[in-house]
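> To start, I am sharing the structure in question, which I have written as structure tokens.
Read-outs: derived from the displayed coordinates by stated rules, not from any lab. Model, not experiment: these values are computed from the prediction. Note: ideal-geometry Cβ built from the backbone for every residue, glycine included; neighbour counts use all protein chains shown.
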Amino acid sequence: MDSIVVTGGAPLAGQIAIAGAKNAALALMPATLLSDEPLTLTNAPRLSDIKTMTQLLQSLGAEVAVLQEGKVLALSSDALTSTRADYEIVRKMRASNLVLGPLLARTGQAVVSLPGGCAIGARPMDIHISALEALGAEIELKDGYLHAVAPGGLKGARVPLRFASVGATENTLMAATLAKGTTVIENAAREPEIVDLAVCLRKMGARIEGEGTATITIEGVDRLGGATHAVVTDRIELGTYMLAPVIAGGWVECLGGRIDLVLAFAEKLDAAGVAIEETDKGLKVSLKGDRPRAVDVVTEPFPGFPTDLQAQMMAMLATAEGTSVLEERIFENRFMHAPELMRMGAHIEVQGGHATVHGVDRLKGAPVMATDLRASVSLILAGLAAEGDTMVNRVYHLDRGYEHVEDKLGAVGARIERVKAQ
């Protein structure tokens, strides 16, 4: 397995282009299953998760052409050959479950393996199941697969979600576009990726109102057409690279960055003493003083502080002045990066869903192990500020969500290299 070696102490200066959002693209790609006309996605991120979703769609009979070095995806589901999403593909990535709603809506049936993904706690499918059952689906779990049918077709309904699940909102939203009548999703997720999906579906002919709020209304239509759509900027990659100069020193301009995508995160950076300037190209970030100040963080569904930036924020707070408390309210088991940061000299105490971080003057390089996607990049960020070399092992997690991270950081002055597995 590849490793990434970071030699700390080099301040950053320069521009980093922010890619299209992984989590948006992984919902947009299955939207092709709703139509027999082409769907073209531009500004696509070049990630292993995108390859996995490509394989899954192709296994169903969809055609996927990867163009312009991976930045454009041309999809067509003119002639589907299967409605079964097999375990061997689905186990690699949680977002694979997003084919369930579109397959049900278009074909009236689907057999989808229970999904896999990062080991950051249980993310149950029951919310997805109850939402689709409200639309008239009959779903049975057998041998690790969800067997779903909609004998009379899907029908619009009131769908209250017990939790504002992003995936369940996406699955329900896509399914409802072809359901007969009106669907109202209550307690819907409000993330920018939901808004992006709704915008794309509208381009395909869907009738949707209320995306970005807790109530989304969908008027079902008989069919959807094709569209061309640009994937929204990845707010998690944006937040990650906004933290890089805060940790390493210097400045970075994040090209394509939008403050509205990361408002709650930006507010915490401001409280920590970070300067964020909106430019005509994106966001320019630098630290006002010698060290950031401690701040408390609570992860919440959008528009709150993103759980996917919690690990990176902990890396920054490890060298902040004072004591910070991070409370994780979205996923259990999402402090697995803390022991690895402690190997680098961080002073962190974890108790249940709370982590107390006592800032230290300096971290020290060490061999560390990436436990999940966001933990991977948090250790790389920590390495930027550490004395000596930090070797981050098991970076296959990293490649699921960050494209060419060593090239992007290296271009702005970081001393970082990928070591290929022997």
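> Would you please put 300-310, 60-70 in order of how densely packed they are, using the mean number of other Cβ atoms within 10 angstrom per residue and starting with the highest?
On the way: 300-310: 20.5, 60-70: 15.0.
Final packing ranking: 300-310, 60-70.
> Relative contact order, percent, of the range 22-230 when contacts are C-alpha pairs under 8 Å separated by at least 6 residues?
Details: 491 pairs, mean separation 42.3, N = 209.
Here the relative contact order equals 20 percent.
> How large is the convex hull of the Cα atoms of the chain per residue, expressed in Å³ as a whole number?
127 Å³
> Sticking with this structure for a sec: Using alpha-carbon pairs under 8 Å, 6+ residues apart, how would you state the relative contact order of the chain in percent?
The value is 21 percent.
> Hey, another quick one. Using only the Cα atoms of the range 122-254, what are the Rg and Dmax in Å?
17.7, 61
> List residues of the range 271-313, by number, whose backbone nitrogen lies under 13 Å from a label position 7 Å along Cα→C-beta of LEU263.
Label zone hits: 302-305.
> Let me ask something else. Give me a comma-separated list of calculated 3J(HN,Hα) values for the range 255-260, in order, Karplus coefficients 6.51, -1.76, 1.60 applied at θ = phi - 60°, integers in Hz, x for any Gly or Pro.
6, x, x, 10, 5, 5
> Another question, then. Grab the DSSP H runs of the chain that are 4 residues or longer, score each as -39,500 (n - 2.57), total them, divide by all residues and round the 222 nm result to the nearest 500 deg cm²/dmol.
-8000 deg cm²/dmol
> I need the trypsin sites (Lys or Arg not before Pro) found in the range 88-179, filtered to DSSP loop residues with at most 14 other beta carbons within 10 Å of theirs.
ARG162
> So if I take the centroid of the Cα atoms in the range 166-184 and the same for the range 286-314, what is the distance between those two points in Å?
Here the two parts' Cα centres lie 33 Å apart.
> Loop-only chymotrypsin sites (Phe, Trp or Tyr not before Pro) in the range 305-408, please: DSSP not H, G, I, E or B, and at most 15 other Cβ atoms within 10 Å.
Of the chymotrypsin sites (Phe, Trp or Tyr not before Pro), the ones in loops of the range 305-408 whose Cβ has at most 15 other Cβ atoms within 10 Å are TYR396.
> Starting from the Cα of LYS268, draw a straight line to each of the aspartates and glutamates and keep only those under 18 Å, dropping any in the same chain fewer than 8 residues away.
By straight Cα distance, LYS268 reaches GLU237, ASP260, GLU277, GLU278, ASP290, ASP296, GLU300, ASP308, GLU321, GLU327, GLU328.
> I need the Debye-formula profile for the range 22-230: one equal scatterer per C-alpha, no solvent, reported as log10 I(q)/I(0) at q = 0.13 1/Å, two decimals.
The Debye formula, applied to the Cα set alone, gives -0.62.
> About its Cα centre, what dipole magnitude does the chain give when the only charges are +1 on Lys and Arg Cβ and -1 on Asp and Glu Cβ, stated in debye to the nearest 20?
280 debye
> Turning to a different aspect of this structure: If you place +1 on the Cβ of every Lys and Arg and -1 on the Cβ of every Asp and Glu, how big does the dipole about the Cα centre of the range 22-230 come out, in debye to the nearest 20?
So the magnitude is around 220 debye.
> Next up: At 7 Å along Cα-to-Cβ for each site, give me the label-to-label distance between ARG394 and ASP2 in nm.
Calculated label separation equals 1.8 nm.
> Okay, moving on. Under a plain spin-label model, where a point goes 7 Å from the Cα along Cα-to-Cβ, how far apart in nm are GLU349 and LYS142?
Computed distance between label sites GLU349 and LYS142 equals 5.4 nm.
> Same structure again: Hey, in the GNM for the chain with a 10 angstrom Cα cutoff, which one of ASN187, ASN171, ASN333 fluctuates hardest?
Residue with maximal mean-square fluctuation among ASN187, ASN171, ASN333: ASN333.
> If the chain between ALA271 and THR107 were fully stretched, how many nm would it gain, using 0.36 nm times the residue separation less the Cα-Cα distance?
Separation in residues times 0.36 nm, less the Cα-Cα distance, equals 53.9 nm.
> List the lysines whose Cα sits under 19 Å from the Cα of LYS22, skipping any in the same chain fewer than 8 residues away.
Within the straight-line cut-off, LYS22 pairs with LYS51, LYS71, LYS92, LYS408.
> Points 7 angstrom from Cα along the Cβ direction at HIS358 and THR42: gap in nanometres?
5.4 nm
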